[in-house]
1. Using a Förster distance of 22 angstrom, determine the FRET efficiency expected from the C-beta separation of residue 291 and residue 210, and round it to 0.05.
2. Can you give me the Rg/Rh ratio for the chain, using Cα atoms for both radii and the Kirkwood formula for Rh?
3. Helix-only estimate, please: 222 nm mean residue ellipticity of the chain, summing -39500 (n - 2.57) across DSSP H runs of length 4 or more and dividing by its residues, to the nearest 500.
4. Provide the packing ranking of 139-150, 224-235, 169-180, 195-206, i.e. peptides ordered by the mean count of other C-beta atoms within 10 Å per residue, highest first.
5. What FRET efficiency comes out for the pair residue 309/residue 133, r = Cβ-Cβ distance, R0 = 25 Å, nearest 0.05?
6. Anything over 20 Å Cα to Cα? Flag those among 159/207; 114/200; 207/236, in the order listed.
7. Assign one of three labels to the range 265-314, namely rounded, prolate or oblate, based on the Cα gyration tensor with a ≥ b ≥ c the square roots of its eigenvalues; rounded applies when a/c is under 1.5, prolate when it is not and a/b is larger than b/c, and oblate otherwise.
8. Taking Cα pairs under 8 Å and at least six residues apart, what relative contact order does the range 96-182 come out at, in percent?
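Since every read-out is calculated from the coordinates, none of them should be taken as a lab result. Predicted model only: the values in this text are computed from it and were never measured. Neighbour counts are summed over all protein chains in view; Cβ atoms, including those assigned to glycine, are modelled from backbone coordinates with ideal geometry.
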Amino acid sequence: MSLNRREFLASTLALTAASAAAQPLEDLWGGNVIDIHSHLRRDNDGNAMHMDGCGVSHALLLSRGAPVEQIHAMQAKYPHRFVWSSSVDVTQHLASRLLTEAVKKGAIGFGELKSNVTANGPELQRLYGLAAELDVPILIHFQEFPHYEGETNYATGIKKLARMLETYPKTRFVGHADAFWANISADYANQEAYPSGPIKPGGVTDKLLSDYENMYGDMSANSGNNALSRDPEFTKDFLKRHQDKLMFGSDCSCADGHGAGVSQDRNPAAKRLSGKCVARETLTVLKRSTTPEVFRKLTWENAQRIYRIPKWDA
Ligand SMILES: [Zn+2]
Ligand SMILES: [Zn+2]
């Protein structure tokens, strides 16, 4: 049972009596929206402040390890709005144990996993197997092009990921970041982080989503927004084609849901979104590129199903 928009607003209103800080959420997007890529912020109010500013009702918090105390405090203060996922450095030998413990404590996913390993290597393969065993999705940051001097790459070799999808058919893979989204175009050859211009059909990402039931996509960050913005006609068909596989996420680090305080200093290639709220920008692209029915799948229904979110009790 999930809270519908009216119940959610009603519960928010009820809370107002108890807490002066709680404001009814503005209905910018015509219903509930879950952001599946919301990094847990230091301050217990930071995530909710961001969501309230950009009209996002719910979030999957991506945390490092299992900070259950903080998450429980946030769930108590903002009931029915948060679920969480756990990440570790996949190269550490306790990775499997830590992730298993996090799931036992309530995490509903692995991720985002962002380590300097190959996508088909032993570290991630162990976790592909474990994710299937624990029945949770695994969210991976794929990047083959450093954003700044001294940065590394993550989960490299996405062009060969098909073999992993075949080897681990019960694992729900969620793709994210530069290499996942740049490969939407068939002509991508790791030449830059965020290619622009028309998309050449038949890209690796499109094929993985079409050919493998267990491949899903997280549309967050500049990478997702860039891929969906560069060729509007392609985007319309792409979203229609993969309407049951894609999920809205923001990966936005702005403070207020309006673009304040965000810094792209470390990622000059992503400056097209500096001063903007990635959540608002991507929701706007999705809204104008789809029907209301598909928009609802991308921003709500798919995440409920793929992450097997049982109900919105805190
Ligand atoms: Zn990432
Ligand atoms: Zn934002």
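1. Working: r = 20 Å, r/R0 = 0.92.
Calculated transfer efficiency: 0.60.
2. We get a ratio of 0.94 for the chain.
3. Values: 13 runs with 116 residues, N = 314.
After summing the helix terms and dividing by the residues of the chain, the value is -10500 deg cm²/dmol.
4. The packing order, highest mean first, is 169-180, 224-235, 139-150, 195-206.
5. Working: r = 20 Å, r/R0 = 0.78.
Once the sixth-power term is evaluated, E becomes 0.80.
6. Beyond 20 Å between Cα atoms: 114/200.
7. oblate
8. Answer for the range 96-182 is 33 percent.
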